[in-house]
1. Any idea which of (1) crowded, with 19+ Cβ neighbours inside 10 Å; (2) within 10 Å of chain B (Cβ to nearest Cβ); (3) assigned to a loop (DSSP other than H, G, I, E, B) is the one A:Ala202 doesn't satisfy?
2. Please work out which one of (1) within 7 Å of chain B (Cβ to nearest Cβ); (2) surrounded by fewer than 24 Cβ atoms within 10 Å (Cβ to Cβ); (3) within 18 Å of A:Ile59 (Cα to Cα) is the condition A:Leu266 fails and give its number.
3. Mind listing whichever residues of region A:186-238 are of a type in the set (S, T, N, Q), within 14 Å of the chain's Cα centre (by Cα) and over 25 Å from A:Leu272 (Cα atoms)?
4. Since A:Asp253 meets every condition but one in (1) closer than 30 Å to B:Thr113 by Cβ; (2) at pLDDT 95 or above; (3) over 19 Å from the mean Cα position of the chain (by Cα); (4) surrounded by fewer than 22 Cβ atoms within 10 Å (Cβ to Cβ), which condition does it not meet?
5. Within region A:153-162, does at least one residue satisfy the condition of being within 14 Å of chain B (Cβ to nearest Cβ), of a type in the set (A, V, I, L, M), without any contact (Cβ under 8 Å) to a residue 60 or more places away in the chain and surrounded by fewer than 21 Cβ atoms within 10 Å (Cβ to Cβ)?
6. Identify all residues within region B:102-145 that are of a type in the set (A, V, I, L, M) and under 22 Å from B:Lys185 (Cα atoms); write none if there are none.
7. Within 15 Å of the chain's Cα centre (by Cα), of a type in the set (Ser, Thr, Tyr) and within 12 Å of chain B (Cβ to nearest Cβ), is that true of A:Thr242?
8. Residues of region A:208-250 being modelled with pLDDT under 95, in contact with a strand residue (DSSP E or B) (Cβ under 8 Å, 6 or more places away or on another chain) and of a type in the set (D, E, K, R), which ones?
Protein chains: 2
Amino acid sequence: MTSRFEQDTAVEQVDEGRYRGEIVEGWSVSPVGSVPNGGYLLAMAARAMREPTPHPDPITITAHYLAPPQPGPIDIDVEVVRSGRRHSTIRGQLHQGGKPMVTLLGAFGDLSTAQGPTRQDREALELPPLEECDAWTDEAQRRAEAAGESPPSFALRFDRRTPPGMMGWSQGKPVGRGQMGGWIKWPDGEMDTLGLLAVADAYPPAVFNSGEGELGWVPTLELTVQVRKRPAQGWLASMFTTDSISAGYLEEDGEVWDADGDLVVLSRQLALAARPGR
Amino acid sequence: MTSRFEQDTAVEQVDEGRYRGEIVEGWSVSPVGSVPNGGYLLAMAARAMREPTPHPDPITITAHYLAPPQPGPIDIDVEVVRSGRRHSTIRGQLHQGGKPMVTLLGAFGDLSTAQGPTRQDREALELPPLEECDAWTDEAQRRAEAAGESPPSFALRFDRRTPPGMMGWSQGKPVGRGQMGGWIKWPDGEMDTLGLLAVADAYPPAVFNSGEGELGWVPTLELTVQVRKRPAQGWLASMFTTDSISAGYLEEDGEVWDADGDLVVLSRQLALAARPGR
């Protein structure tokens, strides 16, 4: 069975070095108008970028967000820069109406055959148990969307559970530190290394919990995701942190761990703090 | 007066969208043969990439290292992907003999006019005082190189001072944690935001201090540098950390702070652990 994520990020080749996808409703976030989520666009682009290679896994991929595309067809240009035994280096570019929307550069490999030392000095991410966390959606909402009784919603694309207090910023009670995250998985289907790219951008901006700046549109300038391992199935533990805001520029560093307790993602984005009135 | 760094990373336009630089001896590191340092190549590329823009500062720049170029002339192709008011997004590619060596994607801006909130939740980097740190070179070495009495050496390109014990790995006494760094500045001339790109790759691999893996060639697959501020002049404090090694893939996260106590760089690279016999 094809998962919703797989369906919604599907691409087909339309020409030499050109693929086409369809940005569907239901992956949009609503800061100003309706903008497709950056992780969704990244995953769709990566699906096209790996096509000409024997390397299915994004090892490190960087996206620069130039302009917000609209729901509908989108073209993805793919250029192989270097094709090696272990890795392929690929450029990608999403464009719509002839205008570049996202430009990308990534190295792809095959994590199922990766060999070398493994060592974890990073403190494992400790989240409160699932049953103590807050669910973002319920089955009634899923049924209503599926039946067309409510509009497609980004909140329904993931199963997410956040530690108590993590969403306090939305009621004027930020945590006081730029942190955001929790348990996450697909509501349906298997999580793979393309899915992890979407997971790396699935939460509201961590800076909202710092109490600094506005609660508005925090545009991502650039997002880089390192994928370390094909994830074990089950809930993933994730945390995203913003520690340094410099004249409006801020990073958001993410880590994602799988159900086997292994680090599967390190991500970092550069974003712009929200501006008053936006 | 032009600094050695400025001279050695100079580029000139040779065609529409094409620049030429000269990789000079003295920026090579010697893991296997003689390979120009990745930060040096990044800085030279960035100098060309900003040329067609009104934006002098690399805000976030990503380099994928494909093959090691040789000292001598190198061509840099530069393509403007998007030219905006605040930022320009630029693709770059270093090639030699028609072969791509480094491919890049970066956003450039003007940090002198950046406006927005500033907040630092990151713990400031605490290094031992300069006088307690180990110098890597002395004036006699500098004079010998300048007089042509000893070959050009990467060690002389920077002034570096490392905390006691930081170089113990080279005598079989690693720190036990993947950390590397110290005080750093140019021996001559002003540090600017292009120089910071070189600073972000100026130390031996942090993984050598973990005691994990071999002391051999640790090839960088990808390096992303976020530059936050034009640095105050004087010694910079830097630290690079490797915490997670996954089947031979490892990150190296860097932070650089200036003499005013401000964060000026966040960097992250993805590298491959050294393999036996290399």
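The values are calculated or read from the model by the stated rules, or taken from the named source; none is laboratory data. In this text, all values refer to a predicted model and were calculated from it rather than measured experimentally. Please note: Cβ atoms are built from the backbone with ideal geometry, for glycine as well, and neighbour counts cover all protein chains shown.
1. (2)
2. (2)
3. Across region A:186-238, the qualifying residue is only A:Thr193.
4. Condition (3) is where A:Asp253 drops out.
5. no
6. The answer is B:Leu111, B:Ala124, B:Leu125, B:Leu127, B:Leu130, B:Ala135, B:Ala140, B:Ala144.
7. no
8. A:Glu212
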